[in-house]
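Readers should treat all values here as calculations from the given coordinates under stated rules, not as data from a laboratory. Because the structure is a prediction, the values reported are computed rather than measured. Cβ: placed from backbone, ideal geometry, glycine included. Neighbour counts: every protein chain shown.
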Amino acid sequence: EEGGQFQRILDVGCGTGVIGIALAYHIPELQVTAIDIEPVAVEVSNRNAQYILPATKKSSSYEALLSSAADFVVPPSTPLFDCIVSNPPYIPKEDMRSLEKTVVEFEAWQALCGGDDDDDGLEVIKQILQKLTTWLKLGGSCWMEVDPSQPKKLSEQLSSISSCIELKSVYQDMSGRDRFVRFVRVK
């Protein structure tokens, strides 16, 4: 990110830890806290960090915890995060039926489906956005992978989700589809 000096990053929905571990590996002095609702994912993520990160960074730079986005709280004596990254479950429920078998066989339903309560796949994303002001420093960014149908919906719904964050950027994937979004905490 432009001019960003990150000390603390939160990885929401860490899975195997690929995003948070890569950031911890490449950014000196970075501390990554990662959360996931799946106990196996947390265990694998912590194991991957032990295997991949240099010995000098293993104990202090990466920790995966068992928690949902809705339940995660930054302890009062702990500084807020400089940046949040997330590849949350975002696939609309209706689209889950048409996913390729190779995807569904290797990923848990809750790691893919963006929620049972709505049709747009935004349930978990909205939970994350609602929690940003309790997790993220003023001026901090939240980077998220989303379904190509969701950036426009998020832009339209953002004022009802939180008045403290703005959708700053939408980035396309290699196929030219809107796939990544960046939110910034402004209040």
Original post:
Using a basic spin-label model with each label point 7 Å from the Cα along Cα→Cβ, how many nm lie between A70 and Y51?
Top reply: 3.3 nm
**OP:** Please work out whether the range 11-63 counts as rounded, prolate or oblate from its C-alpha gyration tensor, where a ≥ b ≥ c are the square roots of the eigenvalues and a/c under 1.5 means rounded, while otherwise a/b larger than b/c means prolate and anything else oblate?
**Re:** prolate
Original post:
How large is ³J(HN,Hα) for each residue in the range 70-81, as worked out from phi by the Karplus curve 6.51 cos²θ - 1.76 cosθ + 1.60 (θ = phi - 60°), to whole Hz, x for Gly and Pro?
Top reply: 5, 9, 6, 10, 6, x, x, 8, 9, x, 5, 7
Subject >> Sequence-distant residues sharing a close amide H with Q31 (under 5 Å, placed H) >> reply: R8, I9
Subject >> Using θ = phi - 60° and Karplus 6.51 cos²θ - 1.76 cosθ + 1.60, couplings along the range 94-106 (whole Hz; Gly, Pro as x) >> reply: 4, 6, 4, 5, 9, 5, 4, 4, 5, 6, 5, 5, 10
**OP:** Could you pull out every one of the lysines with an alpha carbon less than 27 Å from that of K137, ignoring same-chain neighbours closer than 8 positions?
**Re:** K57, K58, K126, K152, K153, K168, K187
Subject >> Set of the range 132-157 residues, backbone N closer than 16 Å to the point 7 Å along the Cα-Cβ line of R177 >> reply: 145-153
Original post:
By the gyration tensor of its Cα atoms, with a ≥ b ≥ c the square roots of the eigenvalues, what is the shape of the range 96-147: rounded for a/c under 1.5, prolate for a/b over b/c, or oblate?
Top reply: prolate
Original post:
When the Karplus curve 6.51 cos²θ - 1.76 cosθ + 1.60 is applied with θ = phi - 60°, which whole-Hz ³J(HN,Hα) does each residue of the range 153-159 get, with x for Gly and Pro?
Top reply: 4, 5, 4, 6, 9, 4, 5
Original post:
Classify the range 1-118: rounded, prolate or oblate, from the alpha-carbon gyration tensor (a ≥ b ≥ c, eigenvalue square roots; a/c under 1.5 rounded; otherwise prolate if a/b is larger than b/c)?
Top reply: prolate
